[in-house]
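Below is one structure, written out as structure tokens; comments come after it.
The values are calculated or read from the model by the stated rules, or taken from the named source; none is laboratory data. Note that the coordinates shown come from a computational prediction; the quantities given were computed from them, not determined experimentally. Backbone-built Cβ (ideal geometry, glycine too); neighbour counts: all protein chains shown. Keep in mind that these areas ignore ligands, DNA and RNA; they rest on the heavy atoms of the full protein, side chains included. Shrake-Rupley method; radii C 1.70, N 1.55, O 1.52, S 1.80 Å.
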Amino acid sequence: MMPFYAGVLQGDALFGQKEFRRSLSMYKQALQLCKIIPKQTTVSRSSLSTSARSSSPNNMNISAINENEVKFKITLCYCALCENRAALAEIEGIPSKARTLRMNLTIGKLYRISRHNRAAISCYKDCLRHCPYVLEAITALAELGVSSKEIVALFPQTPNRGRTPFEHLDNTRWLHRYVEAQCCIASNDYKGGLEHFSDLLQRFPNNVHILLEIAKIEAIIGRTEEAIMNFEKVRSIDPFVMTYMDEYALLLNLKSDHSKLNKLVYDLLNIDPARAEAFVASSLLWERKDERRALAYAEKSIRIDDRHILGHITKGRLFLSLNRPDTAVTAFRAALELRPDLRSYQGLVRSYLALSKIKEALYTAREAMKIMPQSAKALKLVGDVHASNSSGRDKARKFYESSLRLEPGYLDAALALAELHVVEGRTKDAVCLLEKYIKDCADDSLHTKLAQVFAATNMLSEALSHYQAALRINPQNNAAKKGLERLEKQMKGIDPDAPDEDEENEVEDAEADPEDNDLL
């Protein structure tokens, strides 16, 4: 048996060095030896019980290594090489009764990747029967459409030894609440999920996992400031956390807080440069400086983890900004195939509108509304499609108003409705709407929009006041900066659309003799 164990140990060493092909070869050789050696010789394992622990992916004692464990090690090699079909074929060779908790989790993931959802559900259920505290299995079952009642029914109902039934009930109540929270999120009921996680946070104050879930929900529903605060709280508790840090990077990018974003990217690359989150964050950092470099980082994040949704969304956004909406459609579709996400629907609608595919855009927006019937953002998305066509503006207005009734503080819907008022010549309505929101919310985008409306109606001093207010709130607001530059030219009596002297000189240089250009 010694050659068998030596082969497994060498495979473990190679796996630890990330030489997965060589590791795979050693495990297969060891497995062949295991099959050749007569079963009687397995008695000799007991003599090896005092040996050191293995550094294998499964971290087992040498004495405990058997044929099924070697098959699992082979599966992990295939997973590391992204050869999921081969991994699934290998792990399916392990009898279901012989599978450990980790094996069941792995085969569940592989079934999900290959879209065998029923088989995946069965494996995740086995995980929870084995141990009800496998939160990863709870989340997966919720995402696969299993109801909270069905998940809770998998938990053992008998109290632990030495505990009263009341203590057992109190101990499992939080777990039931966690199941409810994940099922709410899976069904796009973000408000319900947020309520459940907020209750759990009272039970477990400063719990990093719960704070991250809350921050992610807040980011999705547009509570940007609260989400940023919770992400920062997580980093103060655990500065080495990587989970959802690309979501935090996205918020910093939206707020144009480049100094914090730069620091975050530096930290993430130092913590673990092999995680997709680090490269999504890097992509967001470079988005405004060098779009092609940003795209390369987004694609690298997908190579690391092709099931990382924000990687696909970021890639789609970059293709849109590079005026490649047809390729953006593919990226957003890839994100939606992994899980319905409002940001994927928003990107896909924008891509179709850029391609003048109004029917496809409307179908996509309606699909988002069906999946998220209580979402103000989904209603606004349908309104955006109607607003793109002059004949659909009445419908657009109704959808924007419905969105604001559902969520009165939704600024994007208010801005879209104000823009619609301006397009249809109802400037006073646009001003009244924006001023109403500015009273309740000091947001730079509201001030910028109101300044643009005033500038368009030649109310230059009012426009100046609001551009300055926008820049006081957010000095990095590019729309406010450009608007202020145009306004200052208008106030000086200069045509804001006339080219600057520098631009004229650039044109002259471009038209100069090629030889002069070579000399320059």
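Note on exposure: L268, L353 ranked by accessible area (1.4 Å probe, complete protein assembly) read L353, L268, with the most exposed listed first. A 1.4 Å probe over all protein chains sorts I304, I214 by accessible area into I304, I214, starting with the largest.
Straight Cα distances below 22 angstrom link K489 to the lysines K449, K481, with same-chain residues fewer than 8 positions distant left out. Helix 190-203 axis versus longest C-alpha principal axis of the chain: approximately 60°, rounded to the nearest ten. If I take R0 = 30 Å and measure r between the Cβ atoms of D272 and E150 in this structure, what FRET efficiency does the formula 1/(1 + (r/R0)^6) give, to the nearest 0.05? That gives a FRET efficiency of 0.25.
If I model the chain as equal point scatterers sitting on the Cα atoms and use the Debye formula, what is log10 I(q)/I(0) at q = 0.08, 0.09, 0.11, 0.12 Å⁻¹? Each listed q maps to, in turn, -0.67, -0.82, -1.11, -1.27. Were the residues from K191 through S256 laid out at 0.36 nm apart, the gain over their Cα-Cα distance would be 20.7 nm. Within the full protein context, the accessible area of D394 is estimated at about 90 Å² for a probe radius of 1.4 Å.
With respect to the chain, whose longest principal axis is taken over its alpha-carbon atoms, helix 245-254 is tilted by about 0°. Rounded to the nearest 0.05, the FRET efficiency derived from the C-beta distance between Q476 and A89 at R0 = 45 Å is 0.30. A simple count of charges around A13, restricted to other residues whose Cβ falls under 10 Å of its Cβ and scoring Lys, Arg +1 and Asp, Glu -1, yields -1.
For the chain, the mean residue ellipticity at 222 nm estimated from helices alone is -22500 deg cm²/dmol, where every DSSP H run of n ≥ 4 contributes -39500 (n - 2.57) and the total is divided by all residues, rounded to the nearest 500.
Note on K300: lysines with a C-alpha under 17 Å away, same-chain residues under 8 apart excluded, are K315.
All Cα-Cα distances of the stretch 410-494, cut into 10 Å bins from zero to the largest, leave 20, 53, 26, 2 percent in each bin in turn. Using bins of 10 Å that start at zero, the share of Cα-Cα pairs per bin across the stretch 360-409 amounts to 32, 54, 13, in whole %. Each of K125, K357 has its accessible area taken with a 1.4 Å probe; listed largest first, they run K357, K125.
For K125, a cut-off of 16 angstrom between C-alpha atoms picks up these lysines, skipping any fewer than 8 places away in its own chain: K97, K109, K149. Each Lys or Arg adds one and each Asp or Glu takes one away; over the other residues whose Cβ falls under 12 Å from the Cβ of S23, this sums to +3. Within the shell defined by Cβ-Cβ distances under 13 Å, the residues around E419 carry a net charge of +1, with Lys and Arg each +1 and Asp and Glu each -1.
A simple spin-label model places pseudo-atoms 7 Å from Cα toward Cβ; at R405 and H209 they are separated by 4.1 nm.
Considering only protein heavy atoms and a probe of 1.4 Å, how much of the accessible area of the chain is carbon and sulfur, as a whole percent?
Working: 13850 of 27320 Å².
With neighbouring chains kept in place, the figure for the chain is 51 percent.
So what is the accessible area of the chain per residue, in Å², with the probe set to 1.4 Å?
53 Å²
Rolling a 1.4 Å probe across all protein chains gives Y266 an accessible area of roughly 150 Å². Mind scanning K216/K260; K233/K436; K18/K263 and naming the pairs with a C-alpha gap bigger than 22 Å? Beyond 22 Å between Cα atoms: K233/K436; K18/K263. D384 contributes about 40 Å² of solvent-accessible surface, heavy atoms of the protein only, 1.4 Å probe.
Over the stretch 314-421, what lengths in whole Å, largest first, do the semi-axes of the equivalent ellipsoid take, defined as the square roots of 5 times the eigenvalues of the alpha-carbon gyration tensor?
Values: eigenvalues 99, 48, 28 Å².
Three semi-axes, in Å: 22, 16, 12.
With angles folded into 0 to 90 degrees, how steeply does helix 478-491 sit against the dominant principal axis of the chain? Use alpha carbons for both and round to 10. Between helix and principal axis, roughly 10 degrees.
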